[in-house]
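Engineer: Here's a structure for you.
The values are calculated or read from the model by the stated rules, or taken from the named source; none is laboratory data. All values reported here derive from a predicted model rather than from experimental measurement. Note: ideal-geometry Cβ built from the backbone for every residue, glycine included; neighbour counts use all protein chains shown. Just so you know, the surface numbers come from the protein's heavy atoms only, side chains and all, with ligands and any DNA or RNA stripped out. Shrake-Rupley method; radii C 1.70, N 1.55, O 1.52, S 1.80 Å.
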Amino acid sequence: MREEEELREKLLIAYILGRHGIRDGYVFAIEHVSEQWYLDIAVAALAAIKEPQAVTRLREILETSNDLAWNTAAVRGLGAMGAQEMTPKLLSLIEDLRNHSRPRR
């Protein structure tokens, strides 16, 4: 992976390696998951890598960050990794979004 210059390709390699039980791409995936252009492939890589620290790290981000990009990444990542313990929190976020997007009379 070090030889690859394109970040999207590094994340794709991280995804493929993760599917084969190799966690080498975790650092690339978690570092770039909040970047709009890499969100989908970084989330897929995190889910494939199954790094135990990832759920903890994304949970911390969701609970402490006010940054929309990082919170989006955390929600997508936790969902992709099947973090069922976060379901009530994620449903609460969705309900809050619905309530704020309704027109007021």
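Engineer: Report, in degrees rounded to the nearest 10, the 0 to 90 angle that the Cα long axis of helix 87-101 makes with the longest principal axis of the chain.
Structural biologist: 60 degrees
Engineer: Can you give me the angle between helix 39-49 and the longest principal axis of the chain, using Cα atoms only, in degrees from 0 to 90, rounded to the nearest 10?
Structural biologist: 60 degrees
Engineer: By the scheme Lys and Arg +1, Asp and Glu -1, what is the net charge of all other residues having a beta-carbon under 15 Å from that of GLU63? Write down the numbers at each step before the final one.
Structural biologist: Values: positive: ARG57, ARG59, LYS89; negative: GLU60, ASP67, GLU85, ASP96.
Taking every Cβ under 15 Å from that of GLU63, the sum is -1.
Engineer: Which sequence of TRP70, TRP37 reflects their accessible areas, 1.4 Å probe, from the largest down? Could you put the intermediate results ahead of the total?
Structural biologist: Working: TRP70 70, TRP37 180 Å².
Highest to lowest solvent-accessible surface, that is TRP37, TRP70.
Engineer: Please give the net charge around TYR26, taking every other residue with its beta carbon less than 13 angstrom from that of TYR26, where Lys and Arg add +1 and Asp and Glu add -1. Walk me through the numbers on the way to the answer.
Structural biologist: Working: positive: LYS10, ARG23, LYS50, ARG57; negative: ASP24, GLU31, GLU51.
With Lys, Arg at +1 and Asp, Glu at -1, the neighbours total +1.
Engineer: What GluC sites (Glu not before Pro) in the range 11-64 are in a loop by DSSP, with at most 14 other Cβ atoms within 10 Å of the Cβ? Display every interim value, and only then the final one.
Structural biologist: On the way: sites: GLU31, GLU35, GLU60, GLU63; in loops: GLU35.
When the GluC sites (Glu not before Pro) of the range 11-64 are filtered for loop state and at most 14 Cβ neighbours within 10 Å, GLU35 remain.
Engineer: I would also like to ask the following. Mind checking the angle between helix 68-80 and the chain's longest principal axis? C-alpha axes, 0 to 90 degrees, to the nearest 10.
Structural biologist: The angle comes out near 70 degrees.
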